[in-house]
């Protein structure tokens, strides 16, 4: 587990193990699509970096999850089977602020990974300066929005 991120991580080894296990549940690796899971070391490192602004909150929640796992099973969260981990996560509430925050960070970092972009048949590069071709949609779908009354003040 210590190879996931360097020793200067803002999270303890147990917190990193818990976080990696949660991320692996959220976005597991898929051999069929040749994509890593969110617990992949490179993606994990990006998630940790992206989470620094919320590190105190995340660390506290990871500690709570670890304590719950220890109290209920006698094992750390990372040592539980995926089924046990999911059951514990459901007890906490998958819609909890912690899981919502973590899922937003995880998805952002996951879809920036070159391996994931390649599996989706996107060229792993920034969108500019070359841009991307976007399929034209049905612009009439905006008609209800255009028909709404103005919600702003006109400036002078």
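Only the coordinates and a few stated rules stand behind these numbers; no lab work does. This structure is a prediction, so every number in the text was calculated from the model and none was measured. Cβ coordinates were reconstructed from backbone atoms using ideal geometry, including for glycine residues, and neighbour counts include every protein chain displayed.
Taking a point 7 Å out from the Cα of residue 34 in the direction of its Cβ, the residues of the range 116-139 whose backbone N falls within less than 19 Å of it are 116-125. Where only DSSP H runs of four or more residues are counted, the chain gives -15000 deg cm²/dmol as its mean residue ellipticity at 222 nm, each run worth -39500 (n - 2.57). Under the rule a/c < 1.5 gives rounded, and otherwise a/b versus b/c splits prolate from oblate, where does the range 66-156 land using the Cα gyration tensor? Cα axes put the range 66-156 in the oblate bin. Along each principal axis, taking the top coordinate minus the bottom one, the Cα set of the chain gives 62, 37, 31 Å in descending order. Equivalent-ellipsoid semi-axes for the range 107-156 (Cα gyration tensor, √(5λ), whole Å, largest first): 35, 16, 12.
The Cα center of the range 13-82 and the Cα center of the range 124-144 differ in position by 34 Å.
Protection proxy ranking of 22-31, 78-87, by the mean of other Cβ atoms within 10 Å over each peptide's residues and highest first, is 22-31, 78-87. Based on Cα contacts under 8 Å between residues 6+ apart, the range 13-125 shows a relative contact order of 31 percent. The stretch between residue 67 and residue 156, if pulled fully straight at 0.36 nm per residue, gains 26.1 nm over its current Cα-Cα span.
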